[in-house]
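Here is the structure we will look at.
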Amino acid sequence: MPSARDHAADLLLEWDKTRAFVREPLAQRRAALSDPRERGLLTELVYGPIRQLGTLDKILERFASRPLRALNAGVRTAVRLGLYQVLYLDRVPAHAAVDHAVGWARGRSGPKRAGFVNGVLRGTLRAVEGKATGEEQLRRDVPRPDGTCVRFKRDVFADPAKDEAANLAQRWSMPRWLVERWVQTFGTLPAIDLLRTGIQRPALGVRARDDAAALLARLAAAGADVRAGPVDGSLVVPSGEAHVLAEVEAGHAAIQDPTSQRVAPLCAAGPGARVLDLCAAPGGKTLHLADLMQSGSVVAADVDAAKVEALKDLAPRMGAVTLETHHLAPAGALPFESGTFDAVLVDAPCTNTGVLRRRVEARWRLTAKDIGALATIQRGLLEAALPLLVPGGRLVYSTCSLEPEENEVVTRAMAAAHPELAMQEAYRVVPGADHDGGFAVVFTVPTSA
């Protein structure tokens, strides 16, 4: 039977060829593994190398005799996966990582290419000094998610005195343009904090659907690593996913990051309310709205037909709250009557720069042009949603972006175009150990003309 490493290599090879999202194929591969430890290792070996791709490729560029882009895709995959395990995973022996990479490459690409993989990995490993101690060496130290560094015996990364952005981008595995942008927007030290968070393995955020204290006690008793989160009713679970899934199945919990948990309460929707969740997929906020309302109706809409179909699965979990789903056209007027909703939630499509450690492919798909394009879409969604509200209704705008153009600029433009609205910034947070980054604003419609 294929091992977790085999499955991971296959998925990474496919990703290297297509750059498609890996979440769904990863879920299918996980289902083929019966051991939860193997499932956890598979997730780590897929998400980790994609998250650290920029650093891995820079290191391999220094030690491979040929440019990475000129290599066979299977060779690229094997050397990346092998090097990731050696540099970032303490519990994996170096020889095991190398042996698997060579064996997998032999089966996919032939013995000659497998020999190349062996030579590159062993040559790179000979240049590793070990765990870094003393003062940080910015040209030799590879930062790791646990706060430690692995040090090379010679310089690997760009000279920060000559090109600070290149050094930061290479060491922290982030596109250079985004590093430059964050340094300019937030300053160097805050940008480095964002980069540090961006390589971390995110903990599992959990929302208690009933008694948070009781849920925490049950998870702890079952052996999960769990603690109270930064938002009321939230828990953070660094490990113990199987125990959480059991609670989700029983209806006591929902998987949702604490920052995301802050959004639905902003709608202030009580029993009997009618609420539109305009960009609803995958449905976490839809379910949260239902839990808060207890009765009434939630209309969950999205432009992705398959995701809208999946939203229907929420209905049995929503109690007395009625769920309506709508597949929206990508453009044009919204198919809802004016003045029929007590609240509209616009959890807008965005660059995801507040959740890059979690959505591992996003940093490699994103371009600077996307920010302006998304801001235009976001502003359009707000304008389309506003007429749907009743007098006194609430329009909640949220993103998981850190970019001002998608947050403050969009909402200031909306406020300037509609001076009759009352606007209140609900939160603007950067990602931290126990939560993702995000932004939210509440607009309130006057109760009378």
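We did not get these values from a lab; they are worked out from the coordinates using the rules stated. Everything numeric in this text was worked out from a predicted model, so none of it was measured. When we count neighbours, we look across all protein chains shown, and the Cβ atoms used for this are built from the backbone with ideal geometry, even at glycine.
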As a check on your grasp of the helix formula, calculate [θ] at 222 nm for the chain: sum -39500 (n - 2.57) over DSSP H runs of n ≥ 4, divide by the residue count, round to the nearest 500. -13500 deg cm²/dmol
FRET efficiency for THR322 and ASP210, using Cβ-Cβ distance with R0 set to 22 Å, rounded to 0.05: 0.60
What ratio of Cα Rg to 2.2 N^0.38 Å holds for region 128-169? 1.11
Region 187-305 - convex hull of the alpha-carbon atoms, volume per residue in Å³: 146
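Assigning unit charges at the beta carbon (Lys, Arg +1; Asp, Glu -1) and nothing else, what dipole magnitude in debye, to the nearest 20, does the chain show about its Cα centre?
I would put it at about 2220 debye.
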Taking all pairs of distinct Cα atoms, average 1/r, flip it, and tell me the Kirkwood hydrodynamic radius of region 259-444 in Å to one decimal place. 16.6
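Using a 10 Å cut-off on Cβ atoms, rank the peptides 174-180, 395-401, 101-107, 325-331 from the highest mean neighbour count down.
395-401, 101-107, 174-180, 325-331
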Connecting C-alpha atoms closer than 10 Å in a GNM of the chain, tell me which of ALA169, ALA268, ALA348 has the biggest fluctuation. ALA268
Three principal axis lengths of region 1-125 [C-alpha, angstrom, descending]: 39, 30, 27
Given q = 0.07 Å⁻¹, what are the Debye log10 I(q)/I(0) values for the chain, with equal point scatterers placed on the Cα positions and solvent ignored? -0.40
Only Lys, Arg (+1) and Asp, Glu (-1) charged, at Cβ; region 203-256 dipole about Cα centre in debye: 80
Can you tell me the orientation of helix 4-18 relative to the chain, as the angle in degrees between its alpha-carbon axis and the longest Cα principal axis, to the nearest 10? 70
Let me know the whole percent of all Cα-Cα pairs from region 143-242 that are separated by more than 24 Å. 45
Cα long-axis angle, helix 284-293 against the chain (0 to 90 degrees, to the nearest 10): 30
Take the Cα of ASP313, step 7 Å along the line toward its Cβ, and report every residue of region 227-247 whose backbone nitrogen sits under 15 Å from that point. 245-246
Distance violations [Cα-Cα > 29 Å] among LYS307/LYS369; LYS58/LYS285; LYS17/LYS58; LYS153/LYS369: LYS58/LYS285; LYS153/LYS369
What does the highest-first list of 232-244, 412-424 look like by mean Cβ count within 10 Å? 232-244, 412-424
Charge dipole (the chain, unit charges on Cβ, about Cα centre) - positive-most of HIS326, THR148, CYS400: THR148
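If packing is taken as the average number of other Cβ atoms within 10 Å across a peptide's residues, how do 138-145, 339-346 rank, most packed first?
339-346, 138-145
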Mind pulling the angle between the C-alpha long axis of helix 212-221 and the longest principal axis of the chain? Nearest 10 degrees, somewhere in 0 to 90. 30
Calculate I(q)/I(0) for region 203-256 by the Debye formula, one identical point scatterer on each C-alpha and no solvent, and give its log10 at q = 0.15, 0.26, 0.29 Å⁻¹ to two decimals. -0.29, -0.97, -1.26
Could you work out the relative contact order of the chain? I mean the mean sequence separation of Cα pairs under 8 Å and 6+ apart, divided by the number of residues, in percent. 10
